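Single-structure report; data block below.
Please treat every number below as a calculation from the coordinates, not as lab data. Computed from a prediction, not measured in an experiment: that's the story for all the values here. Cβ coordinates were reconstructed from backbone atoms using ideal geometry, including for glycine residues, and neighbour counts include every protein chain displayed.
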Amino acid sequence: MATWWEHAVFYQVYPRSFRDSNGDGVGDLDGVTAGLDYLSSLGVDALWLNPVMVSPMADHGYDVADPRDVDPLFGDLDALDRLLDSAHARGIRITMDLVPNHTSSAHPWFVEALANPARRDRYIFRDGRGPDGSVPPNNWVSIFGGPAWTRVTEPDGTPGQWYLHLFDAAQPDLNWDNPEVFDDLEKTLRFWLDRGVDGFRIDVAHGMAKPPGLPDMSVVDTAVLRNSDDDPRFDNESVHDIHRFIRTVFDDYPDAVAVGEVWVRGNEQFAKYLRPDELHLGFNFRLVQADYDADEIRDAIDNALAAAALAGATPTWTLSNHDVEREVTRYGGGARGLARARAMALVMLALPGAVFIYNGEELGLPNVELPDAVLQDPVWERSGHTERGRDGCRVPMPWQGSEAPFGFSTNPDTWLPIPANWATLTVAHQEHDPDSTLAFYRRAVQLRSSRSEFGGNGIDWLDGLTFRRPGGLVCVLNAGATALPLPAGEVLLASGPLVDGTVPPDTAVWLV
Ligand code: NOJ
């Protein structure tokens, strides 16, 4: 059965940073609604909203204190309904973010667990090791840096048990051996899906299940924001039972999509998450991880296609998100980084499957070097100020005007400062320039969704980094240092100027 997401262009909205409607300097749901005409003109099929549920914002919404309500910072349930109605009226679907691996430490379950040791079985509490229990239960480290365990003070004031948190201490991991955790997740899913939400991106979809006995990590990798495939903290076999359960709920909403955040590299392991009774889609991060290098890019594409094919699933493509350095900067920054980012966008949008664009990518935004004093990502504190974290890719979007906050907010004191030199990157500025990155993205998305040459699954490699889709589209990427001859055919779109009938370095082109 054909599904809407098979060839969809998803647009990821980081709600704090998209558009502020109430002047508090933080983006919100009415801001997203106000931006829908812009998103319509970009031609996207669906939005993925990062979490907007009630949260103390220790990890900007990935610490959920009430999974079935909207945080006042972003609006309320009525604001969400307004967004759903306005988006649906424009044919844009809305997917939200589900956080099943952990809750906030402010969640009533955790508050209760701290107050009453008999009520701790929704989380992973253990006694410490050593004569006085002062050594953590195992050697696991947090993805954000530091130990993955925090010791609590018991109600009688004595040092007590430890609880597990793979991320911040304000994000205690749930105990997925407890059926109550399943029941509550089902309630949450139905709450939003019944409201008209079109699906979920599932946070840490390779997490949740923990191995029996919580064995030590054999290699303690203290690098933040990274995990290997051989890591007891993630990708445990029983995670698939959880996905099968989630799928049974989704099957009551046949038009809704579940997209998992699956940081698993091995293709066989990755494909397991996409079996017919598990996730519909899994984020494949190989393109994000590939350097701008011909072999790495081709290898990333081949592996992502092979992994999806193993499960008979739809491939997914993404160049960036709110957790990684923006691609303009990753590819070297400046004019060259931007040229490469545009070329890679053309490659991504030529590939079969679902594509995810991260807000601001269509403007060619670079990562921002922020001063220490404004950093907010828990990674900064937890790494002992050795890792700056992810704030640099989360800076608010510039909309118009010549001075910060560039129409993002009426409040100059935005939650992260917007660089003063972004005037030429604003939406309004780029709308007047036919060669702008925004104009280029609009054209690319429009061609991708309207031309029959983008039809068919799979790709055939022709030569180097040139491939052909079954429908006839040819995509050429020049990741080398010298110009390539332009193949025969009609040029549909190029990521930069084509010089004397050649494809210059750092340029991609579509032909039919
Ligand atoms: C992955 C999310 O994308 C990231 O932003 C978050 O910090 C962690 N999961 C923890 O929820």
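Length gained on full extension, ASP127 to ASP299: 57.4 nm, using 0.36 nm per residue less the C-alpha separation.
As I understand it, the dipole of the range 194-332 uses +1 on the Cβ of Lys and Arg and -1 on the Cβ of Asp and Glu, about the Cα centre. Which of GLY196, TYR331, ALA258 lies farthest toward its positive end? Projecting each Cα onto the dipole axis, the largest value belongs to GLY196. Ranking PHE144, GLY157, ILE124 by Cα position along the charge dipole of the range 108-164, where only Lys, Arg, Asp and Glu carry charges on their C-beta atoms, puts PHE144 farthest toward the positive end.
By how many nm would the segment from THR482 to ASP230 grow when fully extended, if each residue of separation counts as 0.36 nm and the alpha-carbon distance is taken off?
86.7 nm
Charge dipole (Cα centre; +1 on Lys/Arg Cβ, -1 on Asp/Glu Cβ; no other charges) of the chain amounts to roughly 860 debye. Placing +1 on the Cβ of each Lys and Arg and -1 on the Cβ of each Asp and Glu in the chain, which of GLN430, LEU166, PRO417 has its Cα farthest towards the positive end of the resulting dipole? Comparing the listed Cα positions along the dipole, GLN430 ranks first. In plain terms, the residue of SER86, SER218, SER238, SER105 with the fewest other Cβ atoms within 10 Å comes first and the most crowded comes last, giving SER218, SER238, SER86, SER105. The Cα center of the range 132-198 and the Cα center of the range 235-253 differ in position by 20 Å.
Once each of the GluC sites (Glu not before Pro) sitting in a DSSP loop with at most 10 other beta-carbon atoms within 10 Å is removed, the chain keeps 1-236 as its longest stretch.
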